[in-house]
Structure formats: C-alpha cells, structure tokens
Amino acid sequence: MQFDQLKRRDFITLLGGAAAWPIAARGQQSARMRRVGILMAYPESDAVYQGYVTAFRQELQGLGWEEGRNVRFDYRWATSDSELIRRSARELITLQPDLILSSSTPTTASLLQQTHTIPVIFANIIDPVASGFVASLSRPGGNATGYLILEPSIASKWPELLKEIAPRVNRIAILFNPATTAPFVEASSLSNPPLRHLELRVSWQPSPTGQTSNPLLPRRRVSQMAD
C-alpha cells in the first residue's frame, strides 16, 4: 500500500472513532436515531472530498453506526464562499444534530461562533489553538476536538530539505491562504526571515483568492514575491 493511502486510511479511522464517541455517549440515553451534520468547504462535485465523506461513513458503519438504521447524515457543501459557509453552518445547527464534522478552518470557525453545545469534530486544521477552537491540544475544553494536519515546529525542516535539494537557492516565496493558515504563519519557525544558518530568505505571500497551487502562476510574479 502506498504511503498516502496508508495515511488516508489511518486518518479516516481516527476521525471516525472520534466522531463515534459523542454519538455513543448520547446513544446510551435513548434508542432514537442519531444525527450527524457534515459541513464541507468544497463543492459537492469535488471527487476527492466525496471520497473522504464516503470513507467517513464507512468507518462509522464499521463501528456499528449504519445510515438509515441508527444514524442519519445531513450534508452541506458550502465551497469556500464565506457567506455560504455561515448560512450552511446555521442550517446544520438548526437541525440540532448530535455532532457536526467540519472540514476546514473557516467552517469550524463559523460553527463555533454559532454553537457552544453541539460537539464539533474538525479535520484539515492547521492550528486549532491559535485559531481559538480549543484551549490546548492536551485539554481542548469547550465543544470542539479533532486532528491537526501540520505542526508549526516542523516548518524549519522544509527549507533545510530545500537547501539539500537545491543548495544554490537563497530566496523562497511561500504562498498561503490567509483565511486558513495565518495562525500557522505566526507560529511557524519560518516567520522571522532570514534563516541565517541556511543563508536563506523567506517571504510569506498571502494569496488573495486562497489559491496556493496554481501551476500557471507567472514566474515573474514569483520572483517579485521573493524580493
């Protein structure tokens, strides 16, 4: 099995387990059908995230939660539109589900602004502490928990690897989505350029559209970012 497939499987297993905890806790009180809200910051046509949602349902089924028998799923595909995210979050909260799975920093922020009682399980989050979602990683408190996708302290390893691959590089520009990664930028060990021990200067550049992987980004624009 390829490494990315293994990570995906382990991630979904952990996420499904986390989601099952509050469902099981409330399920001890009565035999009524549980309700799970799913708020995605992606279009419904996104095949990758449809796959994640399917895997999430399958993992819950493996834990005994079968759709239509003892659990119901309510979906909202909000894309990256902030107003649609707020409206979708409000709609899910109005349904009073037993928990809500949140796919990103913006969706989690919107949910936690609107509910302090419904459990929110977040995924694909950069820094939940800096974002104000949890009090700490060891003791989250409140009504939110979930998983990180990056640890700020490892950021210093990225330029080290880059210098090994391309020793002559002395300037790098890093595109980031300010709506989702600003706390990570603040906490990152890359936030105080230059990295003198590597003779490398780092420039963080916010992407106005949130697009950070555009292969058509003009080479001249990248050069200007690193100046």
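The values are calculated or read from the model by the stated rules, or taken from the named source; none is laboratory data. Predicted, not measured: the structure shown is a model, and the values here were computed from it. Neighbour counts run over all protein chains shown; Cβ positions are idealised from the backbone, glycine included.
Filtering Leu60, Leu92 for residues that are at pLDDT below 95 and in a helix (DSSP H, G or I) leaves a single hit, Leu60. With respect to Val202, determine if the residue is modelled with pLDDT under 80, touching a helix residue (DSSP H, G or I) at 6+ places or on another chain (Cβ under 9 Å) and part of a strand (DSSP E or B). Answer is yes for this residue. Here Arg72 does not qualify as within 19 Å of the chain's Cα centre (by Cα) and assigned by TED's automatic domain parsing to the domain that holds Ile118. Could you tell me whether Gln113 is at pLDDT 95 or above and farther than 27 Å from Trp65 by Cβ? It is true that Gln113 is at pLDDT 95 or above and farther than 27 Å from Trp65 by Cβ.
When you look at Ile154, is it surrounded by 14 or more Cβ atoms within 10 Å (Cβ to Cβ), among the hydrophobic types (A, V, I, L, M, F, W, C) and free of Cβ contacts under 8 Å to residues at least 40 places away in the same chain, yes or no? No.
Of the residues making up region 151-165, at least one is outside any helix (DSSP H, G or I) and either closer than 23 Å to Val202 by Cβ or not assigned by TED's automatic domain parsing to the domain that holds Ala55 (or both).
Among the residues here, Ala123 does not qualify as in the same structural domain as Arg87 (by TED's automatic domain parsing), within 18 Å of Trp77 (Cβ to Cβ), out of contact with any Leu (no Cβ under 9 Å at 6 or more places or on another chain) and crowded, with 16+ Cβ neighbours inside 10 Å.
For the criterion of being under 16 Å from Met33 (Cβ atoms) and either among the hydroxyl-bearing types (Ser, Thr, Tyr) or surrounded by fewer than 23 Cβ atoms within 10 Å (Cβ to Cβ) (or both), Leu84 fails.
Yes/no per residue for (1) touching a strand residue (DSSP E or B) at 6+ places or on another chain (Cβ under 8 Å); (2) at pLDDT 75 or above:
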| site | (1), (2) |
| --- | --- |
| Ile121 | yes, yes |
| Val134 | yes, yes |
| Gly141 | no, yes |
| Ala166 | no, yes |
| Ser191 | yes, no |
| Thr212 | yes, no |
